[in-house]
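*Asks:* Sharing a structure below in structure tokens format, with a few things to ask.
The values are calculated or read from the model by the stated rules, or taken from the named source; none is laboratory data. Small disclaimer: the values here were computed from a predicted structure and weren't measured. Quick reminder, even Gly has a Cβ in these numbers, built from the backbone with ideal geometry, and neighbours come from all protein chains shown.
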Amino acid sequence: MSFKARKVAIIGTGSVGASCAFALVNQCVCEEILLVDLKRDKAEGEALDLNHGIEYMSSTTKIRVGTYEDCKDVDVIVMTASEPPRPNETRLDTLEDSKGICKMIVDSVMKAEFNGFFVLVTNPVDVIAYYTWKLSGLPKNRVIGTGTALDTARLKTLISAELDEVDTKSIQAFAMGEHGDSQMVPWSKVSIAGEPLLDLMKKNDKLAKLHLDKMELKTAKLGWDIYVTKGTTYYGIASTVVGIIKSIFHDDKKVIPVSTLLEGEYGQNDVYMGVPTVIGKNGVEKIIELELTDTEKEKFNNSANVIKKYIKKLG
């Protein structure tokens, strides 16, 4: 019986890329990891460090350093390479730098005849995912931005804290739209163990005092709070990336709010946005269309317009 080794390439070995590699190894997601970075010494150092740690893990993953040409036969490319935002910049303000990085990487790996999945982390991720889809010529289902998946985890953590630490896995909620300041939460679709949060707020005096707009804003700002305290975020996004890749490799059909191309869904076209999607062996297999209220639709459309404004800057 033949067995095809699963291979993942991580392009960019800064804190995010290295954390993605560690999470992949620790969870035994694939048989081989290829680290690619213009600073080859950095990639080699990360590979050595990871390989040394495998002695005390249950993993047998092989980690090596390679080039864009070596990405030809990998199953998934995780793109984390980027320039960090400068003081007072938003993720969207980094587009010009990220655009050049993205084009160099995508052109190089496609020249090597890569034909797998892209999982994009590079910010502004919705715009970069769209740009990668355009540059690569790959089907939309195989070009996936991390979108609002991590924002959703942050949102559920905030809700859990207001519900006496109810397990976040018992909370059904999504952040949607831009992975950035314009993202929104469809509160009409938030539920705890099947009961709508808005109904619970009518029955519980403590929950009645919840300020949903403030929680929505805090969800969008949490990444920056972490950025201010420790310089960057990497554990949360690494776990998010691994969750997406596992769902592809295992055909889990897990619903994850990734950034994907909308073609009429939610009334939007030609834009990548964070929406609930079914992730399986074919990548994005289905977009889940939630029935939004008029207010939620307005917020979602506003987020779409923000992303589209920056897509136009791609030229």
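*Asks:* Report, by residue number, each residue of the stretch 137-165 that is among the polar types (S, T, N, Q) and closer than 20 Å to Ala238 by Cβ.
*Replies:* So the first thing to find is which residues in the stretch 137-165 are among the polar types (S, T, N, Q), and the list is 141, 146, 148, 152, 157, 160.
Once the filter is applied, which keeps residues that are among the polar types (S, T, N, Q) and closer than 20 Å to Ala238 by Cβ, the stretch 137-165 yields Thr146, Thr148, Thr152, Thr157.
*Asks:* Is it the case that some residue within the stretch 90-112 is in a strand (DSSP E or B), farther than 27 Å from His179 by Cα and not polar (S, T, N, Q)? Before you say what the answer is, go through the steps one by one.
*Replies:* Pass one, the stretch 90-112, residues in a strand (DSSP E or B): none.
For the stretch 90-112, residues in a strand (DSSP E or B), farther than 27 Å from His179 by Cα and not polar (S, T, N, Q): absent.
*Asks:* Scan the stretch 227-236 residue by residue and report those that are assigned to a helix (DSSP H, G or I) and buried (at least 16 other Cβ atoms within 10 Å of the Cβ).
*Replies:* In the first step, residues of the stretch 227-236 are kept if they are assigned to a helix (DSSP H, G or I); the result is 227-230, 235-236.
Gly236 - this is the single residue of the stretch 227-236 that is assigned to a helix (DSSP H, G or I) and buried (at least 16 other Cβ atoms within 10 Å of the Cβ).
*Asks:* Closer than 27 Å to Lys313 by Cα, touching a helix residue (DSSP H, G or I) at 6+ places or on another chain (Cβ under 9 Å) and without any contact (Cβ under 8 Å) to a residue 60 or more places away in the chain: which single residue out of Ile144, Ile128, Ile77, Ile105 fits that description? Show your work before the answer.
*Replies:* Values: Ile144 fails: without any contact (Cβ under 8 Å) to a residue 60 or more places away in the chain; Ile77 fails: without any contact (Cβ under 8 Å) to a residue 60 or more places away in the chain; Ile105 fails: without any contact (Cβ under 8 Å) to a residue 60 or more places away in the chain.
Just a single option satisfies the conditions, and that option is Ile128.
*Asks:* Next question. Looking at Ser58 and the list (1) touching a Lys or Arg at 6+ places or on another chain (Cβ under 9 Å); (2) surrounded by fewer than 22 Cβ atoms within 10 Å (Cβ to Cβ); (3) not in a helix (DSSP H, G or I), which single condition is not satisfied?
*Replies:* It fails just one condition, (1).
*Asks:* Does Val65 fit the bill of being surrounded by 14 or more Cβ atoms within 10 Å (Cβ to Cβ) and free of Cβ contacts under 8 Å to residues at least 40 places away in the same chain? Break it down into steps so the answer makes sense when it comes.
*Replies:* Values: surrounded by 14 or more Cβ atoms within 10 Å (Cβ to Cβ): yes; free of Cβ contacts under 8 Å to residues at least 40 places away in the same chain: yes.
Criteria met by Val65.
*Asks:* Just to be sure I understand, how many residues within the stretch 194-227 are farther than 21 Å from Thr146 by Cβ and within 21 Å of the chain's Cα centre (by Cα)?
*Replies:* The initial filter retains those residues of the stretch 194-227 that are farther than 21 Å from Thr146 by Cβ, namely 194-215.
So of that shortlist, the ones also within 21 Å of the chain's Cα centre (by Cα) come out as 215.
So the answer is 1.
*Asks:* Would you say Leu200 is of a type in the set (A, V, I, L, M), in contact with a helix residue (DSSP H, G or I) (Cβ under 7 Å, 6 or more places away or on another chain), over 17 Å from Phe174 (Cβ atoms) and part of a loop (DSSP other than H, G, I, E, B)?
*Replies:* no
*Asks:* Give the stretch 214-256 a look and list any residue that's more than 13 Å from Gly283 (Cβ to Cβ) and polar (S, T, N, Q), or say none.
*Replies:* Correct list: Thr219, Thr229, Thr232, Thr233, Ser239, Thr240.
*Asks:* Residue under question is Val275, and the condition is that it be part of a strand (DSSP E or B) and either acidic (Asp, Glu) or surrounded by 15 or more Cβ atoms within 10 Å (Cβ to Cβ) (or both); does it hold? Break it down into steps so the answer makes sense when it comes.
*Replies:* Numbers: part of a strand (DSSP E or B): yes; either acidic (Asp, Glu) or surrounded by 15 or more Cβ atoms within 10 Å (Cβ to Cβ) (or both): yes.
Answer is yes for this residue.
*Asks:* I've got another one for you. With touching a Leu at 6+ places or on another chain (Cβ under 7 Å), over 17 Å from Ala175 (Cα atoms) and among the β-branched types (Val, Ile, Thr) as the only criterion, which of Val228, Val242 stands out?
*Replies:* On the way: Val228 fails: touching a Leu at 6+ places or on another chain (Cβ under 7 Å).
Val242 is the lone residue from the list that is touching a Leu at 6+ places or on another chain (Cβ under 7 Å), over 17 Å from Ala175 (Cα atoms) and among the β-branched types (Val, Ile, Thr).
*Asks:* Next question. Restrict the check to the stretch 292-312 and report whether at least one residue is under 18 Å from Lys156 (Cβ atoms), in contact (Cβ under 8 Å) with a residue 40 or more places away in the chain, not assigned by TED's automatic domain parsing to the domain that holds Gly17 and not in a helix (DSSP H, G or I).
*Replies:* No, every residue in the stretch 292-312 fails to be under 18 Å from Lys156 (Cβ atoms), in contact (Cβ under 8 Å) with a residue 40 or more places away in the chain, not assigned by TED's automatic domain parsing to the domain that holds Gly17 and not in a helix (DSSP H, G or I).
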